[in-house]
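Step one of this worksheet: look at the structure below.
The values are calculated or read from the model by the stated rules, or taken from the named source; none is laboratory data. Since we're looking at a predicted model, the values are computed, not measured. No Cβ is skipped: glycine too gets one built from the backbone with ideal geometry, and neighbour counts run over all protein chains shown. Accessible surface areas use protein heavy atoms only, side chains included; no ligands, DNA or RNA. Shrake-Rupley method; radii C 1.70, N 1.55, O 1.52, S 1.80 Å.
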Amino acid sequence: MLTEIITIGDEILIGQIVDTNSAWIAQKLNDNGIRVKQITSISDDRNHILEALAAAAKRADLIIITGGLGPTKDDITKKTLCEYFGARLRRDSSVLEHVRKLLSSHNRPILEINEQQADVPENCTVLQNKNGTAPGMWFEHGGKVYVSMPGVPFEMMYLVDEEVLPRLKNYFSLSAIVHHTILTAGIGESFLAETIAPVESALPPYIKLAYLPKLGQVRLRLSAYGEDEGTLQEEVEYYAGQIISLIPEFVIVAGDKPLEKAVLDYMKTLGLKLALAESCTGGYLSHLITQHAGSSEVFLGGAVSYSIDLKTQMLGVSEETLASYGAVSEETVIEMAVGARNNFHADYAVSISGIAGPGGGTPDKPTGTVWIGVAGKNRVITRKFVFPGRRTQNIERAAVNALVLLLKLVREDHA
């Protein structure tokens, strides 16, 4: 069964908001054996909506629509759906009661424009939206299913989980989809593909391998499609094991989780504490870590020692080292890492110092030069990088490679 997702709203097309709804819906559908064929974003325009619906009906069995269901005049989805289906609006008593109760509970006046939220196409099944006033709507037309939902993310998510997915499972005979993700780092996509080519060539036609590159990382996703979920799971795990056996030194985790979360989870199992000493990344690595709940069980904190003075005051880097080798040097990141480990009483500390750009480079230290150090209890490892990107990309690459270097030392120490 194929699905098309249509998002309606000028705010998406002009870049005022990012369309996170489609990604979330697609993931939910995929988890339940429903494949998304296309995602389309269109404006709040009657003709555009009618054209998109007609085109989607030729490609997909399920059409999911978000947006354009608010109480204001620019939200035209309901009226356009009536035109598309040849239906009229009717006022739904259950939605009207819900709208009145919801507004009363917030001590808000109930206006006619609010009550109009209860007007729905006469051929739809109402999907009750307990998180807002605009209901979801389910249509069955021409052998296709259409679902229209509000674009407010937390309202849409409630409707998908509580109303849409249960109905889809009852309406369609869904095949199984099994995914298995392997996170790799420290190996380029081309070299990775060449290395695992024997396994990829041996995959049966119902198992697909996708390469999902990101700065410094490549996710490998095996996806199996069929009827017997248990058998698919076994096959996918077998081929995942074959891939891992060819690239063990580059595998971060066999699972779909961010790099920093994989490192945190591993250190947590060992009861280890982490501190950071960031310069050119300006706290970006700390941000990556602290966005995950439970990070405090591993991460103690750190220093954003952007200036030379703070490197000496907060981390104990000697003035002689800075004068002789400069802030961007192996010697400096060693002292930064050791200082962070000792001053913050951590088991491991990571230090980063570099020239993110666009200016500041010299012939011997060009823009993009970054030194990374990782201090454990018994030794410090370092590595120099010269990144080719712009400032933002260089900061991201530095953070990723710092995490990879940290994981390397922790694994070696606890092998």
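Contour minus end-to-end for Arg88 and Lys37, with contour as 0.36 nm per residue of separation and end-to-end as the Cα-Cα distance?
Numbers: separation 51, 0.36 × 51 = 18.36 nm, distance 3.04 nm.
Taking Arg88 through Lys37 to full extension adds about 15.3 nm, to one decimal.
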| field | For the range 89-130, radius of gyration divided by Kirkwood radius, i.e. Rg to Rh on alpha-carbons | value | 0.98
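What's the local net charge at Ile372, with K and R +1, D and E -1, over the other residues with C-beta under 9 Å away?
Numbers: positive: Arg383, Lys384; negative: none.
So the environment of Ile372 carries a net charge of +2.
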| field | Orientation-averaged projected area, Cα convex hull of the range 259-413 (nm²) | value | 8.2 nm²
| query | What share of the DSSP beta bridges in the chain is antiparallel, in percent to the nearest 5? | reply | 60 percent
| query | Leaving out same-chain residues fewer than 8 places away, which aspartates and glutamates sit with a Cα under 17 Å from that of Lys268? | reply | Glu260, Glu297, Asp347, Glu412, Asp413
| Regarding the chain, what is the average projected area of its C-alpha convex hull, in nm²? | 25.6 nm²
| said: Given points 7 Å out from each Cα along the Cα-Cβ axis, report the Glu162 to Leu111 separation in nanometres with one decimal. | reply: 2.6 nm
| request: Please identify which residues in the range 40-59 have an amide N closer than 20 Å to a label point set 7 Å out from the Cα of Glu140, following the Cα→Cβ vector. | output: 57-58
| request: Return the whole-Å distance between the Cα centroid of the range 368-403 and the Cα centroid of the range 82-123. | output: 56 Å
| request: At 0.36 nm per residue, minus the direct Cα-Cα distance, what do Glu11 and Gln128 gain on full extension? Give it in nm, one decimal, please. | output: 39.6 nm
| remark: Note, Leu2: beta-carbon cut-off 13 Å, +1 each Lys/Arg, -1 each Asp/Glu, net +3
| request: Between the alpha-carbon centers of the range 171-210 and the range 314-339, tell me the distance in whole angstrom. | output: 44 Å
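Can you tell me how the range 96-164 classifies by the Cα gyration tensor, rounded, prolate or oblate, using a/c under 1.5 as the rounded cut?
On the way: a/c = 2.90, a/b = 1.65, b/c = 1.75.
Verdict is oblate for the range 96-164.
Counting only helical runs of four or more DSSP H residues, what would the 222 nm mean residue ellipticity of the chain come to if each run contributes -39,500 (n - 2.57) and the total is spread over all its residues?
On the way: 17 runs with 171 residues, N = 415.
So the calculated ellipticity at 222 nm is -12000 deg cm²/dmol.
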| If r is the Cβ-Cβ distance from Arg379 to Asn343 and R0 is 22 Å, what FRET efficiency results, to the nearest 0.05? | 0.75
| query | Taking a label point 7 Å from the Cα of Tyr211 along the Cα→Cβ vector, which residues of the range 224-247 have an amide N closer than 16 Å to it? | reply | 243-244, 247
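Of the cross-linked pairs Lys261/Lys365; Lys130/Lys257; Lys214/Lys408; Lys273/Lys408; Lys169/Lys257; Lys28/Lys79, which ones have a Cα-Cα span greater than 24 Å in the structure shown? It would help to have the intermediate numbers written out before the result.
Numbers: Lys261/Lys365 32 Å; Lys130/Lys257 31 Å; Lys214/Lys408 19 Å; Lys273/Lys408 16 Å; Lys169/Lys257 27 Å; Lys28/Lys79 28 Å.
From the list (Lys261/Lys365; Lys130/Lys257; Lys214/Lys408; Lys273/Lys408; Lys169/Lys257; Lys28/Lys79), the Cα-Cα distance tops 24 Å for Lys261/Lys365; Lys130/Lys257; Lys169/Lys257; Lys28/Lys79.
Taking every pair of Cα atoms in the range 176-254, average 1/r, invert it to obtain the Kirkwood radius, and report Rg/Rh to two decimals. Let's see the in-between values first.
On the way: Rg = 12.1 Å, Rh = 12.6 Å.
Ratio of gyration radius to Kirkwood radius for the range 176-254: 0.96.
Rounded, prolate or oblate: which fits the range 18-61, taking a ≥ b ≥ c as square roots of the Cα gyration tensor eigenvalues, rounded meaning a/c under 1.5, else prolate when a/b beats b/c? Numbers along the way, then the final one.
Working: a/c = 3.83, a/b = 1.48, b/c = 2.58.
Cα axes put the range 18-61 in the oblate bin.
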| Projected label distance in nm at Thr290 and Thr20, using a 7 Å step from Cα toward the beta-carbon | 1.9 nm
| Exposure rule at most 14 other beta-carbon atoms within 10 Å, DSSP loop GluC sites (Glu not before Pro): the chain longest free segment | 228-415
| query | In square angstrom, rounded to the nearest 10, how much accessible surface does Arg35 have for a 1.4 Å probe? | reply | 120 Å²
| remark: Taking a crude spin-label model, label points 7 Å out from Cα along the C-beta direction, the Ala193 to Arg390 distance in nm is 2.6 nm
